[in-house]
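Asks: First, the structure itself, so that you have it in front of you.
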Amino acid sequence: MTSDVFDPDHVYTSTEVGALLKVNPSSVKKWVNVGALAAFRTPGGHRRIRAADLVAFLGRHHMPVPAVLRAGARQPVVVVDDDRVHLRALCRRLRRWSDVLDVTAVDDSLDALVKIGARRPSVVVIDIYMPRLDGLALCRALRRCPETQDAVLITTSASMTPELSALARDAGANHALPKPLDVAILLGAVGIVATSHR
């Protein structure tokens, strides 16, 4: 399995999981034995662990996901908007992708810095006009921080203009979009195609 392709049915041995997670294979066997990590046994009695089950285990225990499995993990997304009505509406729209997105909503830009630092999201959606710390200042702060400098930053505003879009891009935003946000762009930022069946 390569780092850019995730096969949920790919099967690992306990030794391979140990190597991936940099833990002793006996720890992996213990997790399986106590039922924390789903596995099956081959006719020869060997443990085998599906990639999807390993990703689920790592998510439940807030453990780092190795690069080779990252495409199968729920992508952390933080949405920052002081307009609580808009914030709730966007989170409701994103619920249909809850199997692949792990969305955190924050209605205060200073609180957002703490949440973003803890979550290290793949994508941050930022309202430009907010009190205390506006969205442009938040973008600049995230670009200066090594832990968040590679995140996709999507700025939004109900009054987006070409001038405001240029300011957002100068501040480090990847996208500057009008509200309501085009969810397909957010999904595309984490490699998800917005399919019609959702």
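Asks: Has the range 127-141 got at least one residue that is within 30 Å of M63 (Cβ to Cβ) and free of Cβ contacts under 8 Å to residues at least 12 places away in the same chain?
Replies: no
Asks: Hey, another quick one. Could you please find all residues in the range 145-161 being within 20 Å of the chain's Cα centre (by Cα) and not aliphatic (A, V, I, L, M)?
Replies: C145, P146, E147, T148, Q149, D150, T155, T156
Asks: Would you say R70 is modelled with pLDDT of 95 or more, in a helix (DSSP H, G or I) and of a type outside the set (V, I, T)?
Replies: No.
Asks: Between P146, P178, P121, which is out of contact with any helix residue (DSSP H, G or I) (no Cβ under 8 Å at 6 or more places or on another chain), more than 25 Å from L69 (Cβ to Cβ) and outside the structural domain of H61 (by TED's automatic domain parsing)?
Replies: Selected residue: P178, the only one of P146, P178, P121 that is out of contact with any helix residue (DSSP H, G or I) (no Cβ under 8 Å at 6 or more places or on another chain), more than 25 Å from L69 (Cβ to Cβ) and outside the structural domain of H61 (by TED's automatic domain parsing).
Asks: Turning to a different aspect of this structure: Of the residues that sit in the range 31-67 and are within 10 Å of S14 (Cβ to Cβ) and not β-branched (V, I, T), which one is surrounded by the fewest Cβ atoms within 10 Å (Cβ to Cβ)?
Replies: H46
Asks: Counting only residues that are surrounded by fewer than 20 Cβ atoms within 10 Å (Cβ to Cβ), give me the strands (runs of 3 or more DSSP E) lying completely in the range 95-198 with at least 1 of them.
Replies: Strands (runs of 3 or more DSSP E) meeting the threshold: 101-106, 152-157, 175-178.
The values are calculated or read from the model by the stated rules, or taken from the named source; none is laboratory data. Quick caveat, the model's predicted, so the values are computed rather than measured. Ideal geometry is used to build each Cβ from the backbone, glycine not excepted, and the neighbour counts take in all protein chains shown.
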